[in-house]
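Before I ask anything, let me first share the structure, which is written out below as structure tokens.
The values are calculated or read from the model by the stated rules, or taken from the named source; none is laboratory data. Since we're looking at a predicted model, the values are computed, not measured. Here Cβ is always computed from backbone atoms with ideal geometry, including for glycine, and neighbour counts include all displayed protein chains.
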Amino acid sequence: MIFGSPMPQKLRSRVKKILVVAVPGMGDALLATPLISSLQSAFPDAAIDILVRSGRESIVEDCPHIQKVISFNYRSRIFSYLEMVYRLFRKYDLAVSTSDSDRSTLSCFYAAPYRIGVVPKWRIGNFWKRLFWHGFIETDPHLHMVTQNLLLSQSLGIEPLVKFLVPRALPLDRRLKVSRSKPLAVLHCYSRGNFKRWEEDRWEQVIHSLIAEERQVVLSYGPSEDERDSAARLSQRFQEGVISLPTVLPFGQIVSLLQMAELFIGVDTSVTHLAAVLGVPTVAIYGYSNSRKWSPWPASHREMDSPFPGEPGVYFRGNVCLMKGECVCPGFLERCLHSSDGTMIRCLRSINAHQVIDAAKRIRKVSERKCVNPNP
């Protein structure tokens, strides 16, 4: 539900600078870009900046319509936070937050005289957040994050556009020797959260199947040491046909790599979201994550509704196959109840390698391979 009235036309004509707050993760920033497209269409002469957590900048750097990427350290001390407040204070005409966190709310309050944002479900302890917004929506576990973000554009009285922005493609690192003679499959096998990890022996079975199909496999990974070590262990088990990235690539190079790929398989990460919106045939392996809210968004999906349900199962929509494991956690949780022991959680354990191999074959058949460029 949208609370508040649309932004008055008199105020809309004065909007020259806009701040979008998209925290905490990289995926949050990418899923906020349709909102930025909507804002740019409604305010074509306005400069749009985006505020993200430190370390999340690369997925929105060099994106069209984003003038500046501002980062802040979420765990910074009070003086660092005050320095950020000073940088933002009344520098903008309009501030929009896709997060209901305290700092996101306060950052928008400091930044602009007119503010639109997200609030949590009503509780006595968070009622104060509603006082800071001229228009707001309540966070809803049944709404996809893209849909929820686009409701913010409707609260402003502007047309929502399902149009993603991605970093401009950059030349690949010369150390990455990708053969043009074999079809390419990119795999992102690891996540920093063990509640999103799928076991290495299952990835090994998938890779064996891809190599048997005469495919070249590239293993991508994130910045953590655990992710790099996991990719190195997997690549060392194969004498040929498997390449691990020489280093963590900037997202502009990840875009180039994905545009070459005929298949992507990954867990719940920002790279999986990026592959989906680029139109790459994508198999997404999900465990506890609320897939109704956080699923990859197929490139051809232009409706406002969520492309996938939240229930366990195997679903095909456009260029994306979502594999959602059987979860025993009640309701929609932000953290799995069974991920504290460092092992693969039950819902991911319910997805076996043969299911993923079959899904990869099916998605290549049902998805007409046509890598798209969301950017104008």
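Counting just the residues of region 271-291 that are modelled with pLDDT of 95 or more and in a helix (DSSP H, G or I), which one comes out surrounded by the most Cβ atoms within 10 Å (Cβ to Cβ)?
At the first step, the residues of region 271-291 found to be modelled with pLDDT of 95 or more are 271-285.
From what's left, in a helix (DSSP H, G or I): 271-277.
Details: Val271: 26, Thr272: 24, His273: 27, Leu274: 27, Ala275: 33, Ala276: 29, Val277: 27.
Residue satisfying both the conditions and the ranking: Ala275.
Taking Phe195 as the residue in question, decide whether it is crowded, with 18+ Cβ neighbours inside 10 Å, touching a helix residue (DSSP H, G or I) at 6+ places or on another chain (Cβ under 9 Å) and either in a helix (DSSP H, G or I) or assigned by TED's automatic domain parsing to the domain that holds Ala360 (or both).
Details: crowded, with 18+ Cβ neighbours inside 10 Å: yes; touching a helix residue (DSSP H, G or I) at 6+ places or on another chain (Cβ under 9 Å): yes; either in a helix (DSSP H, G or I) or assigned by TED's automatic domain parsing to the domain that holds Ala360 (or both): yes.
Yes.
Still on this structure: Given the structure, is Ile66 part of a loop (DSSP other than H, G, I, E, B), modelled with pLDDT of 95 or more and either crowded, with 19+ Cβ neighbours inside 10 Å or aliphatic (A, V, I, L, M) (or both)? Step through it out loud before you land on a result.
Numbers: part of a loop (DSSP other than H, G, I, E, B): yes; modelled with pLDDT of 95 or more: yes; either crowded, with 19+ Cβ neighbours inside 10 Å or aliphatic (A, V, I, L, M) (or both): yes.
Yes; evaluated as a whole, the condition is true for this residue.
When you go through (1) assigned to a loop (DSSP other than H, G, I, E, B); (2) closer than 30 Å to Ile254 by Cα; (3) among the hydroxyl-bearing types (Ser, Thr, Tyr) one by one for Ser5, which number turns out not to apply?
(2)
Okay, moving on. Inspect all residues belonging to region 107-124 and state whether any of them is touching a residue at least 12 places away in the same chain (Cβ under 8 Å), assigned to a loop (DSSP other than H, G, I, E, B) and surrounded by 15 or more Cβ atoms within 10 Å (Cβ to Cβ).
As a first pass, look at region 107-124 and keep what is touching a residue at least 12 places away in the same chain (Cβ under 8 Å): 107-122.
Next cut, assigned to a loop (DSSP other than H, G, I, E, B) only: 112-113, 120-122.
Cutting the leftovers down to surrounded by 15 or more Cβ atoms within 10 Å (Cβ to Cβ) gives us 112.
Yes, region 107-124 contains a residue that is touching a residue at least 12 places away in the same chain (Cβ under 8 Å), assigned to a loop (DSSP other than H, G, I, E, B) and surrounded by 15 or more Cβ atoms within 10 Å (Cβ to Cβ).
Let me ask you something else. Between Val206, Val146, Val162, Val178, which is in a helix (DSSP H, G or I) and either in the same structural domain as Ile351 (by TED's automatic domain parsing) or surrounded by fewer than 18 Cβ atoms within 10 Å (Cβ to Cβ) (or both)? Spell out the reasoning first.
Values: Val146 fails: either in the same structural domain as Ile351 (by TED's automatic domain parsing) or surrounded by fewer than 18 Cβ atoms within 10 Å (Cβ to Cβ) (or both); Val162 fails: in a helix (DSSP H, G or I); Val178 fails: in a helix (DSSP H, G or I).
From the options Val206, Val146, Val162, Val178, the qualifying one is Val206.
Something else about it: Return the pairs, sorted by first residue and then second, in which the second residue is surrounded by 13 or more Cβ atoms within 10 Å (Cβ to Cβ) and of a type in the set (Val, Ile, Thr), the first residue lies in region 236-251 and is part of a strand (DSSP E or B), the beta carbons are less than 9 Å apart, and the residues are 6+ apart or on different chains.
What qualifies is Val242/Ile207; Val242/Ile211; Val242/Val217; Val242/Val218; Ile243/Val178; Ile243/Val217; Ile243/Val218; Ser244/Val218.
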